[in-house]
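Novice: Got a structure for you, written out below as C-alpha cells; questions coming shortly.
The values are calculated or read from the model by the stated rules, or taken from the named source; none is laboratory data. Model, not experiment: these values are computed from the prediction. Counting neighbours? That spans all protein chains shown, and the Cβs are built from the backbone with ideal geometry, glycine included. Accessible surface is based on the protein model in full, side chains and every heavy atom, while ligands, DNA and RNA are left aside. Shrake-Rupley method; radii C 1.70, N 1.55, O 1.52, S 1.80 Å.
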There are 2 protein chains.
Amino acid sequence: MAQSFASTIRAGIAAVPLTEFDIIERFFATPGSHRDDVCLGIGDDAAILAVPDGHDLITAVDMLVRGQHFPDDMAAADIGYRAMAVNLSDMAAMGAEPAWATLALSLPEPDESWLAGFAAGLLGLAAEHGVALVGGDTVKGPLAACVQISGFVPSGTALRRAGARPGDRLFVTGAPGEAAAGLALWQRGLRVPQGPAARLLRRFDRPQPRVAQGLDLRGLASACIDVSDGLAADLGRLARASGVGAIIDLDALPVSEELAEMADPMQARRYVLGGGDDYELCFAVPAHALPEFERRARNWPCAVSEIGEICEPLGLYARERGDTEPLDEGGFDHFR
Amino acid sequence: MAQSFASTIRAGIAAVPLTEFDIIERFFATPGSHRDDVCLGIGDDAAILAVPDGHDLITAVDMLVRGQHFPDDMAAADIGYRAMAVNLSDMAAMGAEPAWATLALSLPEPDESWLAGFAAGLLGLAAEHGVALVGGDTVKGPLAACVQISGFVPSGTALRRAGARPGDRLFVTGAPGEAAAGLALWQRGLRVPQGPAARLLRRFDRPQPRVAQGLDLRGLASACIDVSDGLAADLGRLARASGVGAIIDLDALPVSEELAEMADPMQARRYVLGGGDDYELCFAVPAHALPEFERRARNWPCAVSEIGEICEPLGLYARERGDTEPLDEGGFDHFR
C-alpha cells in the first residue's frame, strides 16, 4: 500500500535512514490484537477480512493533524492513543463491536522513539478493545495520523443519530466538559502528576471511548451520538438528524468535583455544554425501554446522567426553574 | 466523524468562512455512485454497509501528501483522481470488486474551486468503478488526502503477493515506465496538449487502475501486485512474499512508442524497470492456467506482456541473450 511520485522523493530524502518497510515491520506489525477473522493483515496490497454473516459492517474515519487536533507538545503515546480513541468512539456511537483498523501516518522524519511511543499508545488501546491493525501506509510529510476503523453489528441494529422521538429521555455518559477544562489547564502550562487538576489533564490526554456502553444501548436507545465537539453541538446534530428538538435541564447537567473545584458554576456549565474532546455518548431512550436501560446501566463503570428530553419543536432548548429558552449550540467546527 | 481540540481551533481559524459540515455536504455528499449495499452513508458517526454473505472484505489505505506524492502545482482534479486511483489499484491487485471508500482530507483552507475540482476528480473515477463514498472527515492542515477503500471477493479467492511457484510465467499490464517518463517531462516544465509527450504526461496525471483485469485474474494468477514503486521493486516484493525468485527477460520488456521516442534504449529500460506511479498489474500465471488466461486477456483493452518467469533461487534476475544476472531492484521507498 504505497504510492510513488518517484524522482522527487528519491532526490529529496536520501538522508533519512529508516525505510517505509522498516517502519511498518518494526513498529506496527504487532497488530494490536490477534483475530481469527483477519485472513491477511499488514504486508500485502490490502487486507483480507471475514465479516460474520448476518452482520452489517460499520466504518468510520478520523484524521488528526498536529496543532489542530492535538497540541504541538503532546506525547507521542498520547497522540497514538487519541488516534485510536476517537475512532473507537465512533464505533461506540453506532453500537458497533470494533474489529479492524488501518493507519495512514504522515511524519516529517522517522524518529524511532516517537514511533515507538505512538505505536504503543495506538496498539495498546486497540488491544484493550480487541481491535487488530490490518493495514498501514507511512509517508513523509507534516505530522498527521488517519485511522479508519471497522466493526460490525447484527444486521439492522446499528445506533444512528436519527430515530429520537418526542418524549424520549436524554442521557449522557461520564462528565462532559472535563476534557476541555483539562485542555485549558494544559494551555496555561500546568503539568501536575496528581490531584484534581491531574485528573482533568488526564481526561484530555486519555479519553475513554464508551464502546461497552454503546453495545449495551443496542435495541434500547432510539438515537445516539458521541460528544466530540461539545454536548450542545452534538445533541443539536442528533436532534436535527431525528427531525425533533431537544431540551436540556441545566440543573441536571453533571458537574464533576474536579470541574467544580477549578471553575465557578457558570464557567463549569460552559465547559459541560460547549467543551470538546470528551468522547462521551449522548443518547435518547424511549419510555418503554427505560427499565431495561436502567438495569444495564447499573453495571457501567462510568456515570450516566439523565439531562433532558426530546421535544417536538425543532431546535435546542435549555430549561431551568420552569423556564425554557432556546440554547446556542456553542459547539465547535473545524472551519469556523 | 469529527474531533475536537477545541479552544485552539476556535481562536485560530475564526475567519475561514466554510464550515466542515458545508464542505462535506456541498462537495462530497454526491457519493460517486449509488449502491444498495450502503445502508447509511455520509452524515452519521459511521457508515453502515452490507457485505454479501460468502465474501471476504478487502481493505486498503493510501495517503497522498502534497510535494511527496504529487507535485505542488498538480491540478485539484488530478489529485482527487489520483487519491482514488491508487486505492482502486490496490483493489485490482487483490482481484477485488471495489465498493466503498472513505476520505479524510486535510487542507490549509476551504478553497471552493479547489474543492470542486478535487471532488470531481475523485468522485468521477469512483463512479466509473461503481464505488460509493460512504464517509468523510475534513480537517484544517497541510494538504493531504487519505482514502481508504473496501471491496470484496468470494471467500478465499483474493489474489495475494504470496503464491507464485517456480515455472509460473510473469506478466505485466500496459506500459510501465511511461508515468515516470511523463513525470520527468513535467519536471522539465513541459505542458503540451497533444502528441507523444502529452500522452506520457497523461499517464502520470491519470493512471488507469486495472480493476477489470484484477477480477479476470481471480482463479488464474498465482500471485499479483500493483506496480506503484517500479516494476523491479514490486516484482521483488512479490517474489519475496512467495518465497521464490523472479527472472525478467530484458528483451521482452514492453517499451511504448512514446517512451522510445523520448528516451534512448538504456534510459527507456531504466524507466520500465525503475519508474514509479504506473499502477499496472504484475502477476504470475501457472502453466495449467495459461490457456484460460490468454483467452480472457484477449478481451482486455490494455496491453499485456509476458516478461519472464518465476524461479527457485531467491532474488531478482535479468536475462538477456542467454545470460542471467542479479538485478538491482532500483525501486523506490518513501524513506530512503
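Novice: Using the Cα centre as the reference, give the magnitude of the dipole from point charges on the C-beta atoms of the protein assembly as shown (Lys, Arg: +1; Asp, Glu: -1; all else neutral), rounded to the nearest 20 debye.
Specialist: Around 60 debye, computed over the protein assembly as shown.
Novice: Got the relative contact order for the stretch A:255-336 handy, in percent, Cα pairs under 8 Å and 6 or more residues apart?
Specialist: 28 percent
Novice: Under a Cβ-only charge scheme (Lys and Arg +1, Asp and Glu -1), can you give me the dipole magnitude of chain B about the Cα centre, in debye to the nearest 20?
Specialist: 120 debye
Novice: Ignoring ligands, DNA and RNA, what percent of the 1.4 Å accessible area of the protein assembly as shown is carbon and sulfur?
Specialist: With neighbouring chains kept in place, the figure for the protein assembly as shown is 51 percent.
Novice: Now, a different point. Checking an interface number: how much accessible area is buried between B and A, summed over both chains, with a 1.4 Å probe, in Å² rounded to 100?
Specialist: 7700 Å²
Novice: Give me, ordered by chain and number, the residues 5 or more places off A:L159 or on other chains with an amide H under 5 Å from its own placed amide H.
Specialist: Here the answer is A:G95, since their amide H atoms fall under 5 Å of that of A:L159.
Novice: Further question: At 222 nm, what helix-only mean residue ellipticity would chain B give, in deg cm²/dmol to the nearest 500, using -39500 (n - 2.57) for each DSSP H run of four or more?
Specialist: Helices in chain B give a 222 nm mean residue ellipticity of -9500 deg cm²/dmol.
Novice: Could you list, by residue number, the cysteines of chain A that have no other cysteine's beta carbon within less than 4.7 Å of their beta carbon?
Specialist: Here A:C39, A:C224, A:C282, A:C302, A:C311 come out as lacking a disulfide-compatible partner, given the Cβ-Cβ threshold of under 4.7 Å.
Novice: What are the principal axis extents of the Cα atoms in the stretch A:169-326, in Å, biggest first?
Specialist: Here the spans come out as 46, 34, 25 Å, largest first.
Novice: Let me ask something else about it. When only alpha-carbon atoms are used, what values of Rg and Dmax, in angstrom, describe the stretch A:18-154?
Specialist: Cα radius of gyration and Dmax of the stretch A:18-154 are 14.3, 45 Å respectively.
Novice: While we're here: Under 10 Å, Cα contacts only: if you run a Gaussian network model on chain A, which one of A:D229, A:D205, A:D137 comes out with the highest mean-square fluctuation?
Specialist: Comparing A:D229, A:D205, A:D137 in a Gaussian network model of chain A, the most mobile one is A:D137.
Novice: Can you pull out the trypsin sites (Lys or Arg not before Pro) in the stretch B:216-298 that DSSP calls coil and that have at most 10 other Cβ atoms within 10 Å?
Specialist: For trypsin sites (Lys or Arg not before Pro) across the stretch B:216-298 that sit outside H, G, I, E and B with at most 10 neighbouring Cβ atoms in 10 Å, the list reads B:R298.
Novice: Could you grab the relative contact order for the stretch A:18-145? Cα pairs under 8 Å, six or more apart, rounded to a whole percent.
Specialist: So the answer I get is 39 percent.
Novice: Turning to a different aspect of this structure: Note every residue of the stretch B:58-106 with a reduction of at least 30 square angstrom in accessible area, all protein chains present versus the isolated chain, computed with a 1.4 Å probe, or write none.
Specialist: Residues losing area: B:T59, B:V61, B:D62, B:M63, B:V65, B:Q68, B:H69, B:D90, B:M94, B:T102, B:A104.
Novice: How fast does the protein assembly as shown diffuse by Stokes-Einstein, in µm²/s, taking the Kirkwood radius from C-alpha pairs at 10 °C and 1.306 mPa s?
Specialist: Rounded to a whole number, D works out at 62 µm²/s.
Novice: Would you please report the Å³ per residue occupied by the convex hull of the alpha carbon atoms in chain B?
Specialist: 150 Å³
Novice: Continuing with this model, one more query. Counting heavy atoms of the protein chains only and a 1.4 Å probe, report the per residue accessible area for the protein assembly as shown as a whole number of Å².
Specialist: Spelled out: the 1.4 Å probe surface of the protein assembly as shown, per residue, equals 35 Å².
Novice: Compute accessible area for the stretch A:140-159 by itself and then with all protein chains, 1.4 Å probe, and report residues whose area falls by 20 Å² or more.
Specialist: Residues shielded by partner chains are A:K140, A:P142, A:C146, A:Q148.
Novice: Right, another one. How charged is the neighbourhood of B:E325? Take every other residue with its Cβ under 15 Å from the Cβ of B:E325, and add Lys/Arg as +1 and Asp/Glu as -1.
Specialist: -3
Novice: Just to be sure I understand the model, the point goes 7 Å from the Cα along the line to the Cβ. What's the resulting B:Q267 to B:Q194 distance in nm?
Specialist: Distance between the two pseudo-spin positions: 2.6 nm.
Novice: Where the centroid of each part is defined by its Cα atoms, how far is the stretch A:42-71 from the stretch B:119-175 in Å?
Specialist: Value for the Cα centre distance between the two parts: 14 Å.
Novice: Follow-up. Using Cα pairs closer than 8 Å and at least 6 residues apart in sequence, work out the relative contact order for chain A, in percent.
Specialist: It comes to 21 percent, rounded to a whole number.
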